[in-house]
Structures are given as structure tokens and as C-alpha cells.
Amino acid sequence: MSAGIDEEVRVTDVANGASGLDTPSDTRPTEAAPSAATPPVDSPAPEVRGVHTLSMAKAINAGLREALLGDEKVLLMGEDIGPLGGVFRVTEGLSAEFGEKRVLDTPLAESGIVGTAIGLAMRGYRPVIEIQFDGFIFPAFDQITTQLSRQTVRHDGTLSMPIVIRVPYGGHIGSIEHHQESPEAYFAHTPGLRVVSPSNPHDAYWMIQEAIASNDPVLFFEPKSRYWPKGPVDLDHSGLPLHASRVVRHGTDVTLVGHGAMVATLLQAADIAAEEGRSVEVVDLRSLSPIDYGPLLDSVNRTGRLIVAQEAYGNVSIGSEIAATVAERAFYSLEAPVLRVSGFDTPFPPAALETEFLPSPDRVLEAVDRALAY
Amino acid sequence: MPASERDFTAPTVQLLTPEGELRATPEAEAYLPLIEALDDATLQRFHRDMTVSRRLDVAGANLQRQGQLALWVPSLGQEAAQVGSAHAARPQDHIFPSYREHIVGMIRGLDPVRIMALLRGTTLGGWNPEETGNFHLYTLVLASQTLHSTGYAMGLQFDGATATGDPDADAAVLVYYGDGSTSQGDANEALVFASSYQTPQVFFIQNNQWAISVPVSRQSRSPLSLRGGGFGMPGIRIDGNDVLISYAVTRQALEEARAGEGPTLIEALTYRMGAHTTADDPTKYRTDAEVEYWQQRDPIARYRTWLESRGASAAFFAEVDEEASDIAADVRRRALEITVPTREKIFAHVYSEAHPLMVEQAAWLDAFENSFDGGAE
Ligand SMILES: Cc1ncc(C[n+]2csc(CCOP(=O)(O)OP(=O)(O)O)c2C)c(N)n1
Ligand SMILES: [Mg+2]
């Protein structure tokens, strides 16, 4: 058992099927996604650490720990991320292990956190910021969009901005206003930023490390409803580069694409569709800026139909961008217009209504029916 | 609360009177030894730099009027605040300017043509701080740089690059911003972080009485220097048109910062004698009488009087004037030679690492331009 991984997690959990719903159930061989077939680690070679079953929160914690161990310039900054370990406990234990000079409980000011992180990056640090909740990133919006995103171009490439901003985001947790939002499109719209969002523990473990290693600023959106379900994490192989998308279910009739927590919803929809005799392909976008269109276009060229699903508001969204681009690049393959399934264009409603607001497997399947009716 | 308790005042620390006499106010006495330690060459350099700044303002405004610059941002009237504080910094210090501190940059080794390139619209930045004496880029979103400077100062601390006890190695950070900018959230958050982390840092507010057309009274009912105390750091109000006090108070504050004693806020009372920028018309919002009042307090005239009283010759002043004119002429000549960058520049450094949209869009633009007869450059 490698250090830093939850001691309670046993490799046998993987074989026992403890993997989360969102475990890629059908991956292409080259994608090296973790599977129960990966050998256990009873007597591993020193560098082989094997597959562990972790929640996404623990996987990110383990990834952050690797990054802190690997580069002394990596710093964590945020509100309540020290002794408390963050409100979602993603940084639990890290301030005890690395000290308050590496894990900073900063003053309570988001613009201040991002602005000082920019100064620290100018000094050669690699700050990793936690924004406590999605809806509280906006006080830092100015520093992110007018400063962080432009420092490299303003310095003619002589200065890099290796800053990661971790944002727990999305609904399904029944919380109060400003705690269930999906603001990723604002950042994907901004040149100079990179935006990613893992859907499962394995990707979260690797993507956080790759984001920290990136010399560009990365907005790292963590689907907070997926913090707790466990899944296999292969600690030896990432499988894919940071900005690659991945086919997580093969099918022939229609392609579904989404990111973050939506991937679990899409896989549920695919399961239901399969019972009805429909073969549905699911693509996990993983990277929202830049978008890796290769696997998506391949898929659409085979299925001829595409549904884009997202928790975010539909108007001027990531889904809109994908719909336009696929229409442009796969025009002759399309048998139906690209359809979008999104949160409504209203403020995220009171939590009692969130199941009406958030796209469900049924809402996705309704769009599948419409696409197939063309 | 009685009205008297709603009255906030702070003494203005001053060494040189507007008439050019060295007469320290009570709070200024402690700074006299710092001035006494300066040699004649340094004292003359202050005059030279203020004169160069003023001469460059004329050149910049002319270039703008002739359509050679999109904009010129003058420092007229603020020369003492800028020159004194800039000379207070040591080579290892880092300076974060707003957008008006041309002479500060030049003192640190910045070629002013780089500023012209920025205002001519050929770059978004213009220089590499590593090559300009740690003089960082101008920042146009007001007060954003205050947070960057505080983060940088935190980094100095984390690196152990400050407070080791060696003043020739220990570094500090000096950040400039304006009276209007003090109302920005970032300016206040920077003070919070600086105080919390006890950064090696000096906040230098040039209170030039105006934020474009809005007087400082709209930003604050009390002296801005008092904000230091509210955040847990000393705040000092100085006569910003007195180059000696500007030097001495900044010097002292930077030395304290590098020794690990924490940040200081300085409010330099000065006046923007010209327009906000060449796009502004100050006659719409302020009176001639106000401008005349400040003309009586001109920073260069009073310093010249003082230097004369110490025996500086007419020949010295004539020499400085000539040098300033030569510099301005040279900058003007080279500004006119600044060329338009090639179109790759749009895409070249948006990211540090390869990005597919940059590659695709640069290639598309090339193909588009080349599709015209002869291929446009
Ligand atoms: C965030 C932001 N708001 C508005 C502006 C437009 N603007 C440029 S300079 C200026 C006034 C700044 O006043 P002050 O901070 O006193 O500095 P000064 O120009 O007097 O040196 C304004 C409103 C801006 N650059 N940034
Ligand atoms: Mg002002």
C-alpha cells in the first residue's frame, strides 16, 4: 500500500466491484483506464504502486500530496484548507504533513488569493488555489480574466503562470444558493486559461497533477457530487494527457457527450437505453478548454447523432460551442441536428427543485428520442 | 458622536518648504540623517531625473498630438514623489508601477522607448522585468498590481530572500497606485494580505488629488495615510512635492521592510498639474485657481532653489536641461521608428505551452491573408 492513500481502501475492493458508476465500462485498449484486471500489488516492484479504490476527494488529496512532494515550489492556498482540510476535506492532512508555509489558510478574500498567487508565480511558485464553492469564484473573476490569463502574453512569453484554481462545482448536493453552480463557461471563454473537469477518481488523481505541472493557468472544476463515490485509481498510469477526451462507452446509434458529474448521468442514460435496445456511445469531455474534438468527431462520424449535456445554463455555454463546432466539422455525417440538454437559463433554483433543474437520464433520453426521430 | 471626533487629520511630513528651504516639520526631523548621508552627485541626480521626466512629458504629449501615440500619460507635477521614492529602492528590490511612473522605470534601467511602444499600440507589455531592474509591467486595471506585489513580497519571504540581516541582499517590494485606486477592493485586500503576512513591502499612494475628473474627497473623507493603521501597518502622509522627504520616508520604510519589520503605507500629497491623459480636458472639472495654488508648490522649482542655496551653478542646471532635451529628442526619434509587429504576435505567447486553437487560428489567418494577390503582410 503506498503512503498517503487511505489505509482502509484495499485493492480487493476493485475486484469486488466497488468502482463507482462512472467507471469507464468500456474503454479502448490504448486508453489504459484502470480496470479490475490490473494486477494487485501484494509484492510490487518498487515503482509499481498498483490500483487503489478511492473516492474522488481522496484521489485529489493524493494527487495534491504527490505534487507537494515532487516540487517544493508547489503551494496550496485557500480558505479553511489548513487544519480543517477544506470544507470538502480535499486537503485533509496536508497542512499537518507539509506545514503552514506550503498549505496556506489565507485571509478570506478570493481576489486577494488569486492576485497574490500571481505575484507568487512571478517569484517562481506554483500556487494551487481552492475556491471554497463555485458561486464564490466571482470576487476573483477580475484577477483571473484580466490578470492571470494575460500575464504570459503581456510578458511576451518570458513569464509563465503555473497556477491551478480548484473549484468544487455543480449541483446534486441539495445546498443553498451559490453552492451548486456550474460557472465553467466564463473561463472557457477567456483566452489564456485552460479549463478541465474530471468525472472519476482515476482521472482526478492524474489530472490534478498534470494541471499543476502545466505552465499555463488551469481552472480545475471538481464535480462535488462525485467527491464521495469510490472508483479504481491506477497510481502507475494516467492513461491520457490532460487535454484529451475519452470514449467511456461504445455504441452505434447516438453519441452523448458531457463532463464532470454529467458523465455518470450519461452512463445511466446509456444503460436505460440499452435495455430498450438502443446502442449509445458516451464521451467524457474531460477538457473544456481546449476541447479535444478528435474522439468526439470520430464518434459522430460513426453514430451520426450527438447530444451534448451539461448542468450549466445552456445559453452561450460549452454545449453551444460543441454543437456549433460539430455541426461545422461533421456536417455530412450528421443525421440530426446536435441537441443540447442543459440546466435552464435561470438562477440555480432552490434545492427542493434541483432535480427539475438538473438534466436527468430521462431528460437525456428525451433528447435521444428526438435525435433518433429525424 | 461629536463632530470633532468625525474630523480625521494627519500631519504632512516635509523637509523642503515650497519656497525651497530645508525646514523639517517635527515628524520629519528623524529623517534628516538620511538626507545628510547623500552625496552631491545623488542630490544632483534627483534634479536631473525630475527634469528628464518633465521634458519627456512634453515629448510624449507632442507625439500623441501628432498621431504617433494613442495616448500619453503625463507625470507633470508628480516628479518629486516618483523620483524620490524610486531612488530609495535598492537594486534587488522589486517595483510594481501603475501606469504613470515613467521616470521610476528609467531610474531602474527601462528604456523609455518601451513605454512609447506600449502607448503606440505595438505591445501589451513592453519589457521583461528581469531586464529592467525589477521594474514590473504597467497594469491598467486599477490596483490589480497591489495584489501581485504583495504576492511577490510573500514569495521573497518564503524564499528567505529578505530579513536575513544583510541590507545589500535582503529584498523588498515597492508598489505604486493612485488616490482613486485606493477605493478598489484589490487595494484593500492587498493591505490585508500584506499585514497578515507581514510582507517586506511599501505601498506608495500618489494622491494627486484627482482620479480623472473625480476629486479625492469622493474616495476618502480622511487622510489616506490613516488607512495604514486600520490594516495594522504604519501610515505616513508626506509632502509628495518634496523630493527629499519622498526619498527619506520611502528609504526608511523599505529598510524596515527588508529587515523584517513589515509593510508601510505612504501617502504622497501631490498634484497632477496636467491632464489625466492626452484624452482628458481638466478645465471641465477644476478651477484655474486650484492649478495655480499647486504651481506655487512645484516640486522642481523648490528643489532647484534649494540646490542653488547650496551652491549649485547655473552651468549645472543648463547642462541638465540640455541632457533632458537630448534624451527626449532621442526617445522621440526612436519612437517614430517603432515598427508594427507581425501578425504571429497575436497568437505567439497567449499560452506557455502548445494550444490547438492558437495553431489553427494563426494558420487560418495566414492562409486568409495570403489568399489575396501577392499575399498581404
Ligand atoms: C478597474 C478600472 N476602472 C476604471 C479604469 C479607468 N481609469 C483609468 S485611470 C482612472 C483614474 C485613476 O485615478 P488614480 O488611481 O487616482 O490614479 P491617477 O490616474 O490619478 O494617477 C480611471 C477611472 C481603470 N483603468 N481600471
Ligand atoms: Mg489620482
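The values are calculated or read from the model by the stated rules, or taken from the named source; none is laboratory data. Note that the structure is a prediction, hence the values are computed from the model and not measured. Don't worry about glycine lacking a Cβ; one is built from the backbone with ideal geometry, like all the others, and counts go over all protein chains shown.
Scan the stretch A:215-239 for residues that are part of a helix (DSSP H, G or I) and touching a strand residue (DSSP E or B) at 6+ places or on another chain (Cβ under 7 Å) and jot them down. Please lay out each step first, then the result.
Here is the first cut: in the stretch A:215-239, the ones part of a helix (DSSP H, G or I) are A:224-226.
Scanning the stretch A:215-239 gives a single hit, A:K224.
A:A264 meets all of the listed conditions (1) part of a loop (DSSP other than H, G, I, E, B); (2) under 18 Å from the mean Cα position of the chain (by Cα) but one, namely (1). For B:W306, the test of being in contact with a Phe, Trp or Tyr (Cβ under 7 Å, 6 or more places away or on another chain), over 27 Å from B:L118 (Cα atoms) and either of a type outside the set (S, T, Y) or outside the structural domain of B:A117 (by TED's automatic domain parsing) (or both) is failed. Just to verify a result, which residue in the stretch B:335-369, among those that are more than 28 Å from the chain's Cα centre (by Cα) and more than 29 Å from A:V218 (Cα to Cα), is farthest from the other protein chains (Cβ to nearest Cβ)? Among those residues, the one meeting the criterion is B:E369. Within the stretch A:117-124, identify whether any single residue is more than 8 Å from chain B (Cβ to nearest Cβ) and surrounded by fewer than 24 Cβ atoms within 10 Å (Cβ to Cβ), and answer yes or no. Checked against the condition, which is being more than 8 Å from chain B (Cβ to nearest Cβ) and surrounded by fewer than 24 Cβ atoms within 10 Å (Cβ to Cβ), the stretch A:117-124 yields no hits at all. Contact map, the stretch B:187-206: first residue in the same structural domain as B:R100 (by TED's automatic domain parsing) and over 15 Å from A:D105 (Cα atoms), second residue of a type in the set (D, E, K, R) and away from ligand 1 (no atom under 15 Å from the Cβ), Cβ cut-off under 7 Å, separation 6 or more or different chains; pairs are B:P200/B:R258. The C-beta contact set for the stretch B:250-278 (first residue on the phi > 0 side of the Ramachandran plot and assigned by TED's automatic domain parsing to the domain that holds B:I205, second residue within 16 Å of ligand 2 (Cβ to nearest atom) and part of a loop (DSSP other than H, G, I, E, B), distance under 9 angstrom, 6+ apart or interchain) is empty. For the stretch B:120-139, the count of residues that are among the aliphatic types (A, V, I, L, M) and within 16 Å of ligand 1 (Cβ to nearest atom) is nonzero. Residue-level check: of (1) of a type in the set (S, T, N, Q); (2) under 25 Å from A:G119 (Cβ atoms); (3) in a helix (DSSP H, G or I), B:Q92 misses just (3). Say whether the condition of being more than 16 Å from ligand 1 (Cβ to nearest atom), assigned to a helix (DSSP H, G or I), within 12 Å of chain A (Cβ to nearest Cβ) and within 28 Å of A:K101 (Cα to Cα) is met by at least one residue in the stretch B:176-192. The answer is yes, given that some residue of the stretch B:176-192 is more than 16 Å from ligand 1 (Cβ to nearest atom), assigned to a helix (DSSP H, G or I), within 12 Å of chain A (Cβ to nearest Cβ) and within 28 Å of A:K101 (Cα to Cα).
Within the stretch B:84-109, if we keep just the residues that are more than 16 Å from ligand 1 (Cβ to nearest atom) and farther than 23 Å from B:A190 by Cβ, the residue that is surrounded by the fewest Cβ atoms within 10 Å (Cβ to Cβ) turns out to be B:P91. Here A:V280 meets each of (1) buried (at least 22 other Cβ atoms within 10 Å of the Cβ); (2) under 21 Å from the mean Cα position of the chain (by Cα) with one exception, condition (2). Pairing each residue of the stretch A:85-104 that is touching a residue at least 24 places away in the same chain (Cβ under 8 Å) with any residue that is in a helix (DSSP H, G or I) and among the β-branched types (V, I, T), provided the two are 6+ apart or on different chains, yields C-beta distances under 9 Å for A:V90/A:I60; A:T91/A:I60; A:L104/A:I113.
In the stretch A:127-143, of all residues being within 22 Å of B:V173 (Cβ to Cβ) and within 11 Å of chain B (Cβ to nearest Cβ), the one that is surrounded by the most Cβ atoms within 10 Å (Cβ to Cβ) corresponds to A:P127.
When we screen A:Y332, A:Y374 for residues that are among the hydroxyl-bearing types (S, T, Y), modelled with pLDDT of 95 or more and surrounded by fewer than 12 Cβ atoms within 10 Å (Cβ to Cβ), the only hit is A:Y332.
For the stretch B:245-289, the set of residues classified as within 14 Å of ligand 2 (Cβ to nearest atom) and either surrounded by fewer than 24 Cβ atoms within 10 Å (Cβ to Cβ) or assigned to a helix (DSSP H, G or I) (or both) consists of B:M273, B:G274, B:A275, B:H276, B:T277, B:D280, B:P282, B:Y285, B:R286, listed by residue number.
Out of the residues in the stretch B:252-279 meeting the condition of being within 16 Å of ligand 1 (Cβ to nearest atom) and of a type in the set (V, I, T), tell me which one is modelled with the lowest pLDDT. The selected residue is B:T278. Annotation: B:G105 fulfils all but one of (1) out of contact with any Gly (no Cβ under 9 Å at 6 or more places or on another chain); (2) more than 10 Å from every other protein chain (Cβ to nearest Cβ); the unmet one is (1). The residues of the stretch B:141-185 that are within 16 Å of ligand 2 (Cβ to nearest atom) and closer than 16 Å to A:T106 by Cβ amount to a single one, B:T146. Taking the conditions exactly as written (without any contact (Cβ under 8 Å) to a residue 60 or more places away in the chain, part of a helix (DSSP H, G or I) and not basic (K, R)), does B:A61 satisfy them or not? No; evaluated as a whole, the condition is false for this residue.
Suppose the filter is away from every other protein chain (no Cβ under 14 Å), small (G, A, S) and buried (at least 18 other Cβ atoms within 10 Å of the Cβ); does B:G311 pass it? No; evaluated as a whole, the condition is false for this residue.
Considering each residue of the stretch B:292-304, count those that are outside any loop (DSSP other than H, G, I, E, B) and surrounded by 18 or more Cβ atoms within 10 Å (Cβ to Cβ), and give that number.
The number of residues fulfilling the criteria is 6.
Across the stretch A:86-113, the number of residues qualifying as facing another protein chain (nearest Cβ under 8 Å) and of a type in the set (A, V, I, L, M) comes to 1.
Among all positions in the stretch B:133-156, there is at least one residue which is in a loop (DSSP other than H, G, I, E, B), more than 13 Å from chain A (Cβ to nearest Cβ) and under 16 Å from the mean Cα position of the chain (by Cα).
Within the stretch B:193-218, if we keep just the residues that are more than 16 Å from ligand 1 (Cβ to nearest atom) and crowded, with 24+ Cβ neighbours inside 10 Å, the residue that is nearest to the other protein chains (Cβ to nearest Cβ) turns out to be B:F193.
Looking at the stretch A:176-192, can you tell me whether even one residue there is within 8 Å of chain B (Cβ to nearest Cβ) and within 20 Å of A:P290 (Cα to Cα)? Among the residues of the stretch A:176-192, at least one is within 8 Å of chain B (Cβ to nearest Cβ) and within 20 Å of A:P290 (Cα to Cα), which makes the answer yes.
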